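Chemist: Below you'll find the structure I mean.
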Amino acid sequence: MVIAIDGPAGSGKSTTAKFVAEKLSFIHINTGAMYRGIALKCIQEDVNIENSTELKHLLANTKFNFGKEGGATPFMDGVDISAQITSVQVTDFVSQVSAISAVRVKLVQYQREMAAGLDVVLEGRDIGTVVFPNAEHKFFLVADIHERVRRRKKEMEAKGEVISLKELTSEIKYRDRKDSTREHSPLKKAEDAVEIDTTGLSIEEQVNRIIEIVNKTTK
């Protein structure tokens with residue numbers, strides 16, 4: 001079974017997907033972490049993303065897998081990248097990388113192969129529309145921009161990163177615009193997805209709402 005959870009930055013999809021997978025004993029695949037991983041590797045190896053040969057070589061020589069309980073920890077080329085991919089530098093760069101057709105084609109193929117024959121929860125921005133358009137369950141999470149900024153700021157502060165609310169708001173609005181208007185696999189709600197506004201909802205409430213819908217429709 002495939003459960004697809006999409007939504008913009010700060011809507012709660014990553015944490016919610018992780019706990020939904022844990023409660024259902026499914027595998028959790030964080031597709032956003034994969035795009036961030038490619039952005040990180042481009043930075044580390046000083047790859048010019050406009051050079052198709054360099055980028056093609058990097059993509060062909062990158063391996064992902066998710067380890068630990070629930071498959072939530074992202075590994076790239078055997079290394080845990082969970083801390084590195086949330087840096088400001090990667091966050092500022094990932095929209096450019098994820099807009100590249102060759103990157104999305106390669107990672108979509110990878111995601112389908114990873115999920116084949118398994119019970120999985122995948123979250124991202126195009127899971128229900130592109131990666132698994134026939135997923136048994138699709139959800140699209142949304143939240144008020146102020147709530148999304150608050151959540152992101154809290155996450156960053158927990159890692160010792162400091163950023164103003166004004167700057168963070170501009171960053172998230174830019175990311176929304178970039179993700180929604182890109183030519184290849186733009187962020188949008190699948191027609192048959194269940195929309196959940198997570199503003200004011202706790203993670204537990206978000207998780208329970210999704211599981212309730214899954215259980216009700218699969219009986």
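Chemist: Looking only at region 9-32, which residues are in contact with a helix residue (DSSP H, G or I) (Cβ under 8 Å, 6 or more places away or on another chain), crowded, with 24+ Cβ neighbours inside 10 Å and among the aliphatic types (A, V, I, L, M)?
Modeler: Across region 9-32, the qualifying residues are VAL20, ALA21, ILE29.
Chemist: Of all residues in region 21-72, how many are of a type in the set (Gly, Ala, Ser) and more than 16 Å from ASP92 (Cα to Cα)?
Modeler: Residues that pass the stated criteria total 8.
Chemist: Report the residue count in region 106-137 for those that are touching a residue at least 12 places away in the same chain (Cβ under 8 Å) and assigned to a helix (DSSP H, G or I).
Modeler: Total meeting the criteria: 13.
Chemist: Would you be able to say whether some residue in region 80-100 is modelled with pLDDT of 90 or more, hydrophobic (A, V, I, L, M, F, W, C), within 20 Å of ARG152 (Cα to Cα) and touching a strand residue (DSSP E or B) at 6+ places or on another chain (Cβ under 8 Å)?
Modeler: Scanning region 80-100 turns up at least one residue that is modelled with pLDDT of 90 or more, hydrophobic (A, V, I, L, M, F, W, C), within 20 Å of ARG152 (Cα to Cα) and touching a strand residue (DSSP E or B) at 6+ places or on another chain (Cβ under 8 Å).
Chemist: How do the pairs read when you match residues in region 10-26 that are touching a residue at least 60 places away in the same chain (Cβ under 8 Å) and on the phi > 0 side of the Ramachandran plot with residues anywhere that are in a helix (DSSP H, G or I) and of a type in the set (D, E, K, R), using Cβ under 7 Å and keeping only pairs 6 or more apart or on different chains?
Modeler: Matching pairs, first to second residue: GLY10/ARG148; GLY10/ARG151; GLY10/ARG152.
Chemist: Shifting gears a bit: For region 157-179, name all the residues that are touching a residue at least 60 places away in the same chain (Cβ under 8 Å) and surrounded by 12 or more Cβ atoms within 10 Å (Cβ to Cβ).
Modeler: To start, the set of residues in region 157-179 that are touching a residue at least 60 places away in the same chain (Cβ under 8 Å) comprises 159, 161, 163, 171-172, 174-176, 178-179.
Hits for region 157-179 are GLU161, ILE163, GLU171, ILE172, TYR174, ARG175, ASP176, LYS178, ASP179.
Chemist: Going by the conditions given, is ILE203 surrounded by fewer than 17 Cβ atoms within 10 Å (Cβ to Cβ) and touching a Ser or Thr at 6+ places or on another chain (Cβ under 8 Å)? Lay out the reasoning, then the answer.
Modeler: Details: surrounded by fewer than 17 Cβ atoms within 10 Å (Cβ to Cβ): yes; touching a Ser or Thr at 6+ places or on another chain (Cβ under 8 Å): yes.
In short, yes.
Chemist: Can you name the condition, by its number, that LEU168 falls short on among (1) out of contact with any helix residue (DSSP H, G or I) (no Cβ under 6 Å at 6 or more places or on another chain); (2) among the hydrophobic types (A, V, I, L, M, F, W, C); (3) at pLDDT below 95?
Modeler: Only one criterion in (1) out of contact with any helix residue (DSSP H, G or I) (no Cβ under 6 Å at 6 or more places or on another chain); (2) among the hydrophobic types (A, V, I, L, M, F, W, C); (3) at pLDDT below 95 is unmet by LEU168, namely (1).
Chemist: When the residues of region 134-165 are filtered to those that are more than 16 Å from the chain's Cα centre (by Cα) and closer than 26 Å to PHE64 by Cβ, which remaining residue is modelled with the lowest pLDDT?
Modeler: First, the residues of region 134-165 that are more than 16 Å from the chain's Cα centre (by Cα): 134-137, 144-147, 149-150, 153-154, 156-165.
Restricting the remaining residues to those that are closer than 26 Å to PHE64 by Cβ gives 134-137, 156, 158-159, 161.
Numbers: ASN134: 95, ALA135: 96, GLU136: 95, HIS137: 97, MET156: 81, ALA158: 83, LYS159: 77, GLU161: 81.
So, considering only residues that are more than 16 Å from the chain's Cα centre (by Cα) and closer than 26 Å to PHE64 by Cβ, the one modelled with the lowest pLDDT is LYS159.
Chemist: Take ILE196 and tell me if it is in contact with a helix residue (DSSP H, G or I) (Cβ under 9 Å, 6 or more places away or on another chain) and in a strand (DSSP E or B).
Modeler: Working: in contact with a helix residue (DSSP H, G or I) (Cβ under 9 Å, 6 or more places away or on another chain): yes; in a strand (DSSP E or B): yes.
Yes.
Chemist: Any residue in region 34-50 that is closer than 18 Å to SER82 by Cβ sitting within a Cβ distance under 6 Å of a residue that is surrounded by 10 or more Cβ atoms within 10 Å (Cβ to Cβ) and among the polar types (S, T, N, Q)? List the pairs, counting only those 6 or more apart or interchain.
Modeler: Pairs found: TYR35/SER98; LEU40/GLN84.
Chemist: Kindly indicate the residue of region 127-156 that is of a type in the set (A, V, I, L, M) and touching a strand residue (DSSP E or B) at 6+ places or on another chain (Cβ under 6 Å) and also surrounded by the fewest Cβ atoms within 10 Å (Cβ to Cβ) among those meeting that condition.
Modeler: Our first condition is that a residue be of a type in the set (A, V, I, L, M); within region 127-156, this holds for 127, 130-131, 135, 141-143, 145, 149, 156.
From the residues that got through so far, the ones that are touching a strand residue (DSSP E or B) at 6+ places or on another chain (Cβ under 6 Å) too are 127, 135, 141-142.
On the way: ILE127: 32, ALA135: 22, LEU141: 26, VAL142: 18.
Step by step, filter region 127-156, then rank; the result is VAL142.
Chemist: Filter region 98-117 for residues that are surrounded by fewer than 14 Cβ atoms within 10 Å (Cβ to Cβ) and under 17 Å from PHE75 (Cβ atoms) and give the result.
Modeler: Of everything in region 98-117, just one residue is surrounded by fewer than 14 Cβ atoms within 10 Å (Cβ to Cβ) and under 17 Å from PHE75 (Cβ atoms), namely GLU113.
Chemist: Let me ask another. Mind listing just one residue for me: the one in region 47-57 that is closer than 23 Å to PRO74 by Cα and touching a helix residue (DSSP H, G or I) at 6+ places or on another chain (Cβ under 9 Å) and, of those, surrounded by the most Cβ atoms within 10 Å (Cβ to Cβ)? Before you say what the answer is, go through the steps one by one.
Modeler: Step one: of region 47-57, the residues closer than 23 Å to PRO74 by Cα are 47, 49, 55-57.
Then drop every residue that is not touching a helix residue (DSSP H, G or I) at 6+ places or on another chain (Cβ under 9 Å), which leaves 47, 49, 55-56.
Values: VAL47: 18, ILE49: 18, LEU55: 20, LYS56: 13.
It comes out as LEU55.
The values are calculated or read from the model by the stated rules, or taken from the named source; none is laboratory data. Treat the numbers as computed from the prediction; the structure is a model and nothing was measured. FYI the Cβ positions are ideal-geometry reconstructions off the backbone, even for glycines, and counts take in every protein chain you see.
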